[in-house]
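Encoded as structure tokens, the structure appears first; notes follow it.
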Amino acid sequence: MALVGIGGRPWIDLAPFVDVGAIASLHDEICLGLVRVPHRYTGGSHRSLQIVPASEPDPPLPDYGEVIAGLSDPQLAILASLGDGRHGPERGVRYGEEGDIPLTMEQMRWLQYRHQVYFPWKVYVELVPSTDWADKANTHNKRFTREAQLYFPRTVQLVRTLPLCAVGSVKILGLHGGDHGTIHRDGDPRDQDAPDTFFTLCPTPDKRLFLWDEDTGERTVITSPAYWFNDHDWHGVLADPGFRYSIRIDGAFEPSFLEKLGAP
Ligand SMILES: [Fe+2]
């Protein structure tokens, strides 16, 4: 499927509408904050969630949905022993992201070490948490965590200056050196009335997110410190040598801001 984009454009540059210098100045706070707060992995099951393109352009690395489905009874018991204590070794249920049984960090590390599961985003911190991915659009009763206010105060402050009526979720998504973000999409464009609205902010320019055109095999790399794309288009992150990250802020754009962008 070709790119759907936003209002006829593949992605929208938000840099002209934000304080780019202020975004860059968050880098020290974020790196130090990431050292101080506990964080989790995310990704790792895009193939079993069936959110990867049919052409499967990424290397076929182990996916935890597939790995868990194939575990022997003793191995499943080990996985359960590393859980939060609320679940036994259950079969026929979905584990992890978008699943019935959330994975603990110990379970994710065991899947990585014992079964070589590939988790693309090894640094995942929710500053404004949401229950699952779709919950990012729900702006009811969403708050910055105590840790966010304590360790990322300038980031919190900057988010509050963005032209949003309400915030649904704020996440820091980081990749270790050498890792790539597997190509996936966050929803099916056929289910979409209008693109979900969000900011991606990049204090440093080294995270290269790209849009994947399944018809042509072309990658459109986004190079801006602040951007918005249609997350129902296929997208991934190129492998690069060092640690890099971005901040994703989901929420309702102010109507006047949407108008300024010329977006639907
Ligand atoms: Fe995504």
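How big is the dipole moment of the range 1-105 about its Cα centre under a simple scheme where the beta carbon of each Lys and Arg is +1, that of each Asp and Glu is -1, and everything else is neutral? Debye, nearest 20, please.
Numbers: 7 positive and 14 negative charges, 23 e Å.
Dipole of the range 1-105, to the nearest 20 debye: 120 debye.
Per residue, how big is the convex hull of the range 62-115 when only Cα atoms are used? Give it in Å³. It would help to have the intermediate numbers written out before the result.
Details: hull volume 3.9 nm³, N = 54.
That works out to 72 Å³ per residue.
Only Lys, Arg, Asp and Glu count, each charged at its Cβ (+1, +1, -1, -1), so figure out the dipole size of the range 79-166 about its Cα centre, rounded to 20 debye. Walk me through the numbers before you get to the answer.
Numbers: 12 positive and 10 negative charges, 63 e Å.
Using Cβ point charges on Lys, Arg, Asp and Glu, the range 79-166 gives about 300 debye.
Could you list TYR124, TYR95 in order of exposure, starting from the residue whose Cβ has the fewest other Cβ atoms within 10 Å?
Going from least to most buried by this count: TYR124, TYR95.
Bin width 5 Å, origin at 0, all Cα-Cα pairs of the chain: what percent of pairs per bin?
1, 5, 12, 16, 19, 18, 13, 9, 4, 2, 0, 0
By count of other Cβ within 10 Å, fewest leading, how are LEU209, LEU103 ordered?
Values: LEU209 22, LEU103 26.
If I rank by nearby Cβ atoms, fewest first, I get LEU209, LEU103.
Which Cα, out of SER55, TYR95, GLY21, lies furthest along the positive dipole direction of the chain (beta carbon charges, K/R +1, D/E -1)?
Selected residue: GLY21.
Could you list VAL20, VAL159 in order of exposure, starting from the residue whose Cβ has the fewest other Cβ atoms within 10 Å? Each step should come with its number before you reach the end.
Working: VAL20 17, VAL159 21.
Ranked by crowding around the Cβ, least crowded first: VAL20, VAL159.
To the nearest 20 debye, what is the magnitude of the charge dipole of the chain about its Cα centre, counting +1 on the Cβ of each Lys and Arg and -1 on the Cβ of each Asp and Glu? Numbers along the way, then the final one.
Values: 25 positive and 36 negative charges, 175 e Å.
Its charge dipole is roughly 840 debye.
Where in the chain is the longest stretch that carries no GluC sites (Glu not before Pro) classed as loop by DSSP and with at most 16 other Cβ atoms within 10 Å? Write down the numbers at each step before the final one.
On the way: sites that count: GLU90, GLU98.
That gives 99-264 as the longest site-free run.
What value, in deg cm²/dmol to 500, does the helix sum -39500 (n - 2.57) over DSSP H runs of n ≥ 4 give at 222 nm once divided by the residues of the chain?
Working: 8 runs with 62 residues, N = 264.
Estimated from H runs of four or more residues: -6000 deg cm²/dmol.
Readers should treat all values here as calculations from the given coordinates under stated rules, not as data from a laboratory. Everything numeric here is computed off the predicted structure, so don't read it as measured data. All Cβ positions, glycine included, derive from the backbone under ideal geometry; neighbour counts span all protein chains shown.
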